[in-house]
Amino acid sequence: MVRVLVYLAVFACLAFGAVWLADRPGEVSVLWQGYRIETSVALAAIGVVALAFLVLLVWAIFRFVFGLPSAFSLSSRSRRRARGFEAVSRGMVAIGAGDPIAAGRYTGEARRFVPGEPLTLLLEAQTAQLSGDRAQAEAAFKAMLEKSETRVLGLRGLFVEAKRRGDVTAARAFADDAVRRSPSLAWANDALLDFHTQAGDWQAARTAVERRAALRLADKAEARRQRAVLLAAEALQAREHEPEKALAAALEAVKLSPALTPAAALAGRMLAERGDVRKASKLLEAAWKDAPHPDIAAAYLDARPGDSALDRLARATTLTKLRPSDPESVLALTGAAIQAREFQKARETLKPLLAGGASVRACLLMAELEDAEHGAAGRVREWLARATRAPRDAAWVADGLVSDHWMPVSPITGRLDAFVWTVPPATLGNKAQAVDDVLADLDDSTKLIEVKAESVTTIEPTAVAPPPPPVPKEEPKPEPVAAAVPPVPKEEPKPVVEPKPLEAVAEPVKPVEAKPVEAKPAAARETTPPKPVIFPVSHAPDDPGPEEEPPPEPKKSGFRLFG
């Protein structure tokens, strides 16, 4: 549209000029070399314009004739350049497809047609990397350093190659050079941060984090969290030798990230050691509200040295009120109640947590409770056995590694702030124990084994031979119901009265289903007593039970078995 308007304006100007000349007639007289030319002004103007066009035409013809060689040369260079860039494009596609043969062929074409182009050097280096020729790749990247437009690219390639061969010093030098030449490079800043954290240089790492935040390579929340983690690491490192510096770093870390458990626990302990119990308690209570953790609970209970067990129980109660439904609150209060020998309170506190399936720590607390209250070795062993197959509690997990303590850097990948307090993924699929089995032992009873009379069905034969005398120093081992009776060495035959067939059990015994006892020939019953019915109990098999229990009657086949 604009061009049409411009053309109309030009034609309007020409028409206006023609009309202006026509309205003002005149004559033009030219005398040159004895010739005299006289004409009107309009014709003279037309002649001048025609002469100008003629001169331009002649000049164009001369330029075309004398510019033919250079035109042919330029056309040839253009074709070669086009073929070279086409080879570069196809070579990049071949590299992306993982075809080293095609990439090598196109690299040769690009080197022949456009040898000095930066993309040709990049294609050559990428092809060498794809083919596994590290020496050629490094040579290509070093060639990139000679040109300003490819110098940073060459530094990155050399950095990658140095890391692949394990040369940390060279890799760090290339990253430093890249940051110095172009401070906004994300990969170089990240590499320097990793190098500083792996070397334990927390001050330099914090400088790198601040530079990344200033360049907007990381958001503000991430930068604050990383600074807090580095300050916590610095505080842990300086705690023994420079306690004042460690306390200042821990407090600043808590200020930047209140949910950072290691920093809060360390700051609380150091404040308590200085005698500032009130400030330590407030700090730990605030951290407990954000993220309950065993380290926070331990630091809170130990805040005032010399407290009695009842005082620690009172502090645990105060801490539990902040997060009453959290499992960590239940475990902390239960442990404090056991130490204060408030066993009934410990059972009532731990019972809701066991209703959802006992974890390892819950089973260990139950074992400690049984040992402290009753001294029952059988129950202790039972709960310890349950702990071996119970779901695991939360732990510090990073890159598949489960650690008992927090670390600022993952030892697997070297990533900063990699550890997370969570349940290890490998144990999430474990089934929790049955609620009845776990809650059955929470009743505060002095008896270790309790069998209800209505749940026992006895089977009495009409006449049974007396059992053989027990072998000295050997105790009979319980066997499962309806199991095959092993053969007993034959003894001298004794006159016995053949028993009548046993009556079938009227009702099955729960939880083990009873089966009818099959009648055996007389020869097999000569020396073998009737098979007793064994009822399962929820206690350890090696628990002898209380000594005051009366011995079972020999004429009854259904009796209590203590295990």
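No value in this document is a laboratory result; all are computed from the given coordinates. Just so it is clear, the structure is predicted and the values come from calculations on it, not from any experiment. Cβ coordinates were reconstructed from backbone atoms using ideal geometry, including for glycine residues, and neighbour counts include every protein chain displayed.
Distance between the 7 Å Cα→Cβ label points at Thr169 and Arg112: 4.4 nm.
Note on Leu54/Ser29: beta-carbon distance plugged into 1/(1 + (r/R0)^6) with R0 of 30 Å gives a FRET efficiency of 0.85.
Evaluating kT/(6 pi eta Rh) at 25 °C and 0.890 mPa s, with the Kirkwood radius of the range 221-343 over Cα pairs in the Stokes-Einstein relation, gives 168 µm² s⁻¹. Under 5 Å between amide hydrogens, built in the peptide plane, is the criterion, and for Ala395 it picks out Thr422, Val423 among residues at least 5 positions away or on other chains.
Near the amide H of Val28, within less than 5 Å, lie the amide hydrogens of Thr39, Ser40, Val41, all on another chain or at least 5 residues away, with H placed in the peptide plane.
For Asp276 and Asp219, the FRET efficiency from 1/(1 + (r/R0)^6), where r spans their Cβ atoms and R0 equals 51 Å, is about 0.90. Residues whose amide H comes within less than 5 Å of that of Arg415, counting only those at least five positions distant or on another chain, are Ser410 (H built at 1.01 Å from N in the peptide plane).
Nothing charged except the Cβ atoms of Lys and Arg (+1) and of Asp and Glu (-1): what's the magnitude of the dipole of the range 71-210 about its Cα centre? Round to the nearest 20 debye.
Dipole about the Cα centre, nearest 20: 680 debye.
Zone of Glu149 (label point 7 Å along Cα→Cβ, backbone N under 15 Å): which residues in the range 68-93? Answer for the range 68-93: 81-82, 85.
Using the empirical formula 2.2 N^0.38 Å as the baseline, the Cα radius of gyration of the range 241-313 reaches a ratio of 1.04. Using only the alpha-carbon atoms of the range 67-161 as identical scatterers, what base-10 log of I(q)/I(0) does the Debye formula give at q = 0.17, 0.19, 0.22, 0.25 Å⁻¹? Per q value, in the given order, log10 I(q)/I(0) is -0.71, -0.83, -1.03, -1.21.
Cross-linked pairs Lys282/Lys321; Lys220/Lys279; Lys282/Lys351; Lys255/Lys321: Cα-Cα separations exceed 21 Å for Lys220/Lys279; Lys282/Lys351; Lys255/Lys321.
With all pairs of separate Cα atoms included, the range 290-347 yields a Kirkwood hydrodynamic radius of 11.2 Å. Taking the square roots of five times each eigenvalue of the Cα gyration tensor of the range 151-253, the equivalent ellipsoid has semi-axes of 29, 16, 9 Å, listed largest first.
Suppose R0 equals 45 Å; then what is the FRET efficiency for Ser325 and Gln203 from their Cβ-Cβ distance, rounded to the nearest 0.05?
Values: r = 42 Å, r/R0 = 0.93.
It comes to 0.60.
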